[in-house]
1. Do we have any residue at all in region 134-143 that's outside any helix (DSSP H, G or I), at pLDDT 95 or above and surrounded by 24 or more Cβ atoms within 10 Å (Cβ to Cβ)?
2. Based on this model, can you work out whether residue 158 counts as outside any loop (DSSP other than H, G, I, E, B) and free of Cβ contacts under 8 Å to residues at least 60 places away in the same chain?
3. For the subset of region 326-363 comprising residues that are touching a residue at least 60 places away in the same chain (Cβ under 8 Å) and closer than 19 Å to residue 273 by Cα, which member is surrounded by the fewest Cβ atoms within 10 Å (Cβ to Cβ)?
4. Kindly indicate which of 192, 210 is outside any loop (DSSP other than H, G, I, E, B), out of contact with any helix residue (DSSP H, G or I) (no Cβ under 6 Å at 6 or more places or on another chain) and either at pLDDT 95 or above or under 25 Å from residue 287 (Cα atoms) (or both).
5. Just name the residue that is nearest to residue 168 (Cα to Cα) out of those in region 4-24 that are more than 26 Å from the chain's Cα centre (by Cα) and modelled with pLDDT under 75.
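The values are calculated or read from the model by the stated rules, or taken from the named source; none is laboratory data. From a predicted model like this one, the values you see are computed outputs, not experimental measurements. Here Cβ is always computed from backbone atoms with ideal geometry, including for glycine, and neighbour counts include all displayed protein chains.
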């Protein structure tokens, strides 16, 4: 409940997607986190919580990884900054080679990697590449950028233009013209049909189609075999570039380096961030197939007129490289797969017929419990969601519980180092909170 309206130490702090007048003045959330280890975080009052959402779907290797901090620190001591407008540096060069190899099942061999600072910037870069590639290929009528309903791809104006939530866009218009959305996977199994009806040129005027394999802002809905087949046909028959947003799904959460590989899906561009460094530094990447990248490697006039001062900083790239080593060395992709199966089985045993649960979705370590009002088929109310959220917090669990998305869900996306005992405890806490 609200506390008295008085000045606090947080009054100059503006959090993201958070009411600026609530921080430090409500009991709903801990106002500040001060330390973390493994899958647990501690607030400024000394209370410990299991972080069941890995920060912001990003701390894939878990907290307290000193080797990542040491790698970034050593790189910064050796080379604090290297302008990406003029020079390569050994850390970003090695990381580009590593990402090109990891992404090859999706985008093919010899990909080029463009580094940014965040997922939003990586998406922005991909959208600009898609339009510019059409121009450089003599196909300049391809201007349309298409995404899906109920999809979120970032906060920069280009990324926001292809957002599938009108409520997030209405105060910031006018946004980019020639953007469209097609139905989400909840509402359609034929993306090719949807795309042909989304633009005046029936797909032939589309520069790029941006989507996630798992709809992370739409209840973690996963693709059917029919839907995946439709995406393959879409790419082949329309010529539009397929851009896969792996900002949340990348780096092991589904048991593969990229979720597109998990689903056997090929694409032209991958965008990633979050799990790339597990949140230990700010870094995004746009991984571009050789076919597309070559259009920008034909002399001075062909270059991509786009950049980011801090893209691929030595320290950030070094952090990413050590993060990837940990994922590989500790076989955390395999752990995500096995723990994902265990989580699925546990959720099904506890919640399939639960009076407050309307469904379970997701896969791997990216799963959701959809909430309804007891004795009804209607989604849980705002008040009911608030009660469940507070019960979880009071029992030491932080998760992502949104009422403002397509329907209210408890989202579960823990660090990939989570073990079976911790998953069992998490599920029992959720069961208690839903009583």
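1. Yes, region 134-143 has at least one match.
2. Details: outside any loop (DSSP other than H, G, I, E, B): yes; free of Cβ contacts under 8 Å to residues at least 60 places away in the same chain: yes.
Yes, satisfied.
3. 326
4. Working: 192 fails: out of contact with any helix residue (DSSP H, G or I) (no Cβ under 6 Å at 6 or more places or on another chain).
Result: 210 is the single residue among 192, 210 that is outside any loop (DSSP other than H, G, I, E, B), out of contact with any helix residue (DSSP H, G or I) (no Cβ under 6 Å at 6 or more places or on another chain) and either at pLDDT 95 or above or under 25 Å from residue 287 (Cα atoms) (or both).
5. 21
Residues checked against (1) in contact with a strand residue (DSSP E or B) (Cβ under 6 Å, 6 or more places away or on another chain); (2) at pLDDT below 95:
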{"site": "350", "(1), (2)": "no, no"}
{"site": "362", "(1), (2)": "yes, no"}
{"site": "387", "(1), (2)": "no, yes"}
{"site": "393", "(1), (2)": "no, yes"}
{"site": "399", "(1), (2)": "yes, yes"}
{"site": "402", "(1), (2)": "no, yes"}
{"site": "405", "(1), (2)": "no, yes"}
{"site": "417", "(1), (2)": "no, no"}
{"site": "423", "(1), (2)": "no, no"}
